[in-house]
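Shown next, in structure tokens, is the structure this report addresses.
Derivation of every value follows stated rules applied to the coordinates shown; laboratory data play no part. The model shown is predicted, which means the values in this text are computed figures rather than measured ones. Quick reminder, even Gly has a Cβ in these numbers, built from the backbone with ideal geometry, and neighbours come from all protein chains shown.
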């Protein structure tokens with residue numbers, strides 16, 4: 001499942017641009033690889049992040065995994081529902097399972113992200 005309205009990273013983060021905000025989460029591929037998600041360590045609002053910087057941690061019954069910033073910017077909000085229900089990432093990785101929002105964000109960085117087609121090829125093991 002690779003939605004066509006998002007941009008992606010090789011590390012399996014997705015970005016959706018909603019007006020002046022960039023919404024960030026992990027992909028369906030990533031949540032399936034992690035298994036049942038049990039905890040999310042979210043960033044604090046107001047934190048400035050650089051592209052490729054570790055921003056938060058997602059823990060599952062299998063492993064803990066860093067989530068990297070696909071774009072530079074300032075964390076404007078985090079998904080408070082994940083504190084009590086981190087499994088929302090498993091149920092709805094592109095919807096209710098979003099992680100954080102950047103505002104402002106580096107719009108120029110969007111061009112460096114993968115298209116849905118490129119990401120689909122990436123997870124299929126194609127170059």
Percentage relative contact order, the chain, counting C-alpha pairs under 8 Å, at least six apart: 31 percent
Inter-label distance for residue 16 and residue 38, nm, one decimal - labels placed 7 Å from Cα along Cα-to-Cβ: 2.9 nm
Cα centroid separation, segment 99-120 to segment 42-85 (Å): 15 Å
Candidates 76, 33, 111: whichever shows maximal mean-square fluctuation once the chain is modelled as a Gaussian network with Cα springs under 10 Å: 111
Computed helical MRE - 222 nm, the chain, DSSP H runs ≥ 4 contributing -39500 (n - 2.57), nearest 500: -4000 deg cm²/dmol
For 114, 1, order by how many other beta-carbon atoms lie within 10 Å, fewest first: 1, 114
Distance (nanometres) between label positions extended 7 Å along Cα→Cβ at residue 126 and residue 90: 3.1 nm
Förster-model FRET efficiency, 25 Å R0, residue 53 and residue 5, C-beta, rounded to 0.05: 0.50
Per-bin percent of Cα-Cα distances, segment 29-78 [5 Å]: 5, 22, 27, 21, 16, 10, 1
Kirkwood-based shape ratio for segment 12-106, expressed as Rg/Rh from alpha carbons: 0.93
